Amino acid sequence: MILRLVVLAVTLALAYGAAGLMERRRPRSVQGFRQGITLVTSPGCALCPAIRTVLRDVSVREVDVSSVVGVRSVPTVIVVDADGEVILRRSGRSAITDAPAIIEAAALV
């Protein structure tokens, strides 16, 4: 019985993790951003200094979350291509852990 509970818990954890990973990878539509990298922040953002450090070598435009429609968590990094399409969007801790992907996407724009 304990083994069944462990297998069930592991299966649910894997399914939840895979769903979360897929959700993080899918760019969401956000209107009004210019080409390049935009960092959405707010006063008192605990993770913002870390993402600023990670992205210190690339050109980043920084805006306050109160001026952005469609963003609810900070930090949020949005990469927009020349056609105005969002090609990458990461929020929260995933913005920091996925910094190499952000920098790679920034090189394409």
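The values are calculated or read from the model by the stated rules, or taken from the named source; none is laboratory data. Keep in mind that this is a model prediction, so the values were computed, not measured. Glycine also receives a Cβ, built like all others from the backbone with ideal geometry; neighbour counts cover every protein chain displayed. SASA here: full protein model, heavy atoms, side chains in, ligands and nucleic acids out. Shrake-Rupley method; radii C 1.70, N 1.55, O 1.52, S 1.80 Å.
Computed values, structure above
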| item | result |
| --- | --- |
| Between 0 and 90°, nearest 10: helix 2-25 axis offset from the chain longest Cα axis | 20 |
| Cα gyration tensor of the chain - equivalent ellipsoid semi-axes, whole Å, descending | 31, 15, 13 |
| Sequence ranges 72-85, 55-68, ranked by mean other-Cβ count within 10 angstrom, highest first | 72-85, 55-68 |
| Per-pair calculated FRET efficiency, R0 = 22 Å: D83 and R52 via Cβ, rounded to 0.05 | 0.20 |
| Percent carbon-and-sulfur accessible area, the chain, ignoring ligands, DNA and RNA, probe 1.4 Å | 60 |
| Heavy-atom surface of the chain, accessible at 1.4 Å and reported per residue (Å²) | 65 |
| Helix 99-108 vs. the chain, principal-axis angle (Cα, 0 to 90°, nearest 10) | 40 |
